[in-house]
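Structure first, then comments.
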Amino acid sequence: MRKVNFYVNGRRYEVKLDEDFASFVEDRLAKSGITPDKNSDIPKVLNGYLQALKANYDNEKRIKELLGEISL
């Protein structure tokens, strides 16, 4: 387990995540402009969240397409 820290609207948040997932989360946060040592406003965090949802949606859609091709 590893701690991941970030600030939103002046409040510090700390979450414990599995090592591999923590690295992934830190990378995604950085790509969204959210760094562990700087405050992020809510629109920036929301934008990062929506980007992650979009990536998840695209992945699920592609998985369904691939499964559909396999079942033919």
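Quick notes on this one:
- Convex hull volume of the chain per residue (C-alpha atoms, cubic angstrom): 87
- Within the listed set 40, 32, 23, the Gaussian network model of the chain (springs between alpha-carbon atoms below 10 Å) gives the highest mean-square fluctuation for 23.
- In summary, the aspartates and glutamates within cross-link reach of residue 61, defined as a Cα separation below 19 angstrom excluding same-chain residues under 8 places away, comprise 69.
- Rounded to the nearest 10 degrees, the inclination of helix 19-31 to the longest alpha-carbon principal axis of the chain is 80 degrees.
The numbers here are math on the coordinates, done by the rules we state, and not lab data. The shown structure was predicted, so the numbers you read here are calculated from the model rather than taken from an experiment.
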